[in-house]
Amino acid sequence: MAYTIDDSCIACGACTADCPVDAISEGDIYVINADTCIDCGACAAACPVGAPKEG
Ligand code: SF4
Ligand code: SF4
């Protein structure tokens, strides 16, 4: 299962630079491409509000 970003995202952009496969797209809230995500957890570690959730 890919990570998903929930509504608590404040669109800071911190997660995008840490994603090794560029799976995260910019937006009002950021979105993870489930087909590209390799479940590494780097986005969750980088996020100041804990918005990326496993599964
Ligand atoms: Fe990218 Fe890893 Fe987050 Fe998936 S879990 S979106 S691969 S940083
Ligand atoms: Fe949203 Fe967290 Fe990514 Fe910032 S680091 S854009 S708050 S998911």
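Each reported figure results from applying straightforward, stated rules to the coordinates on display, with no laboratory input. No experiment lies behind these values; they were computed from the predicted model shown. Note that we place each Cβ from the backbone using ideal geometry, even for glycine, and neighbour counts take in every protein chain shown.
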Q.
Where the second residue is within 14 Å of ligand 2 (Cβ to nearest atom) and β-branched (V, I, T) and the first is within 9 Å of V21 (Cβ to Cβ) and lies in the range 33-47, which pairs have Cβ atoms under 7 Å and are six or more apart or on separate chains?
A. none
Q | Residues satisfying the stated conditions in the range 26-55, i.e. within 10 Å of ligand 1 (Cβ to nearest atom) and of a type in the set (G, A, S) | A | A34, G41, A42, A44, A45, A46
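Checking the conditions here, which among D39, D6, D28 is out of contact with any Gly (no Cβ under 7 Å at 6 or more places or on another chain) and at positive phi?
Working: D6 fails: at positive phi; D28 fails: at positive phi.
Going through D39, D6, D28 in turn, the sole match is D39.
For the range 9-25, name all the residues that are at negative phi and either assigned to a loop (DSSP other than H, G, I, E, B) or over 8 Å from the mean Cα position of the chain (by Cα) (or both). Steps first, answer last, please.
Start the filter on the range 9-25 by keeping residues that are at negative phi, which leaves 9-10, 12, 14-21, 23-25.
Hits for the range 9-25 are C9, I10, C12, A14, A17, D18, C19, P20, V21, A23, S25.
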